[in-house]
Amino acid sequence: MYQIIDGKKISQEIKDELKEKVTALKAEGKSICLAVIQVGSDPASSVYVGNKKKACAYIGIESLAYELPEETTQEELLALVRKLNGDSKVNGILVQLPLPKHIDENAVIQTISPEKDVDGFNEKNVGALCVGSKGFVSCTPLGIIQLLKRSGIEISGKHCVVIGRSNIVGKPMSLLLLRENGTVTICHSRTQNLKEITKQADILIAAVGKPKFVDETFVKEGAAVIDVGIHRNENNKLCGDVDFEKVAPHTSAITPVPGGVGPMTIAMLMYNCVSSVE
């Protein structure tokens, strides 16, 4: 029988631990403040931003919300980021992606001070992860490591296969698994014999961006499968990159969608905010 890895339960444990830490920090006179910037009113982004505010309120972190109109210029957005960089009260800055087409996302990300880049996307933080120095780590991969560890899944010495090479999930994920002494293979759209490689994985992480792309023919019997994807199917129900019904019986452990990786992303954002003070 396979284990369903419960991201809701694990993320709640992490938030409760952080709540205690924040209470202790406040007792020392240290407060934590996260600034969240949203440009435009993309419905999915609004949901994410709302969830981030709720998590801040629960843990005891102050949140500042900047809801800017769609037509905000790049220069206006960069000016706000620079102002928040210089505000000693603000510990973390988060710019909700995607941004409107006329704004260069990379320019914005690189303008956020690395010390306040709680999303872990700034080149300095990515570079720190590469060489093993201290820095903020991208929240989704960081959350996946916690899911594995808190579910008793050994990473050290295991063959970990990541499908996807994005800067937000695939690349940092592979570096974190390496840091935990996993043997890592990265697959992507140009990989040949994809299934032959994924069938060698003890831990398979699917970050493909294609609904139900991974079926049972990709998976070694008894592997742990982590599904990073989130999509709506033809019936408007949420599903992931993994065909859960087909894959689950062949695994030792698997994350569902929803309720797997998703809740962890926000929990680790809160973790990064708290570590910015510590």
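With a simple spin-label model that places each label point 7 Å from the Cα along the Cα-to-Cβ direction, the separation between GLU180 and LEU25 comes to 2.4 nm. Note on GLU216 and LYS149: the extension gain reaches 21.7 nm, defined as 0.36 nm multiplied by sequence separation minus the Cα-Cα distance.
For VAL95, the residues whose amide H sits under 5 Å from its own are ILE37, ignoring neighbours fewer than 5 places away on the same chain, with H placed 1.01 Å from N. Under 5 Å between amide hydrogens, built in the peptide plane, is the criterion, and for LEU68 it picks out GLN38, VAL39, GLY40 among residues at least 5 positions away or on other chains. Its residue count N fixes a reference of 2.2 N^0.38 Å for the chain, and the Cα radius of gyration divided by that reference is 1.01. Rounded, prolate or oblate: which fits segment 139-262, taking a ≥ b ≥ c as square roots of the Cα gyration tensor eigenvalues, rounded meaning a/c under 1.5, else prolate when a/b beats b/c? Judged from the Cα gyration tensor, segment 139-262 comes out rounded (a/c under 1.5).
Based on the Kirkwood approach, the hydrodynamic radius assigned to segment 29-113 is 13.3 Å, with every pair of different Cα atoms included. The GluC sites (Glu not before Pro) of segment 203-249 that meet both conditions, a loop assignment by DSSP and at most 11 other Cβ atoms within 10 Å of the site Cβ, are GLU221, GLU234.
Among the trypsin sites (Lys or Arg not before Pro) found in segment 159-199, those both in a DSSP coil and sparsely packed, with 13 or fewer other Cβ atoms within 10 Å of their Cβ, are ARG190. Here's the list of aspartates and glutamates a cross-link from LYS15 could span, going by alpha-carbon distance under 18 Å and ignoring same-chain residues fewer than 8 apart: ASP6, GLU62, ASP119, GLU278. Taking the charge dipole of segment 213-278 about its Cα centre, with +1 at Lys and Arg Cβ atoms and -1 at Asp and Glu Cβ atoms, the residue from CYS239, GLY229, SER275 reaching farthest to the positive side is SER275. Computed extension gain for ASP87 through GLU234, at 0.36 nm per residue and net of the alpha carbon distance, reaches 48.3 nm. Checking every one of the trypsin sites (Lys or Arg not before Pro) in segment 8-84 against DSSP loop status and a limit of 15 other Cβ atoms within 10 Å picks out LYS30. Can you give me the C-alpha center-to-center distance between segment 113-177 and segment 229-278, rounded to a whole angstrom? A separation of 15 Å, based on Cα centres.
Straight-distance candidates among the lysines for linking to LYS9, with alpha-carbon spacing under 21 Å and chain neighbours fewer than 8 residues away dropped: LYS19, LYS21, LYS52, LYS53, LYS54, LYS149. The mean sequence separation of alpha-carbon pairs under 8 Å and at least six residues apart, normalised by the residue count of the chain, gives a relative contact order of 22 percent. Simple rule: put +1 on each Lys or Arg Cβ and -1 on each Asp or Glu Cβ in the chain, find the dipole, and look at SER41, PRO69, ALA24; the Cα lying farthest toward the positive end is ALA24.
Taken about its Cα centre, the chain carries a charge dipole of roughly 360 debye when the Cβ of each Lys and Arg holds +1 and the Cβ of each Asp and Glu holds -1.
About its Cα centre, segment 29-113 has a charge dipole of approximately 480 debye under the convention of +1 per Lys or Arg Cβ and -1 per Asp or Glu Cβ, with nothing else charged.
Ordering ILE153, ILE93 by the number of other Cβ atoms within 10 Å of each residue's own Cβ, fewest first, gives ILE153, ILE93. Using a cutoff of 8 angstrom between alpha carbon atoms and counting only pairs six or more residues apart, the relative contact order for segment 29-113 works out to 42 percent.
Read-outs throughout are calculated quantities, based only on the coordinates presented, and are distinct from any laboratory measurement. Just so we're clear, the structure is a prediction, and the values are computed from it rather than from any experiment. So basically every Cβ, Gly included, is an ideal-geometry build from the backbone, and we count neighbours across all protein chains shown.
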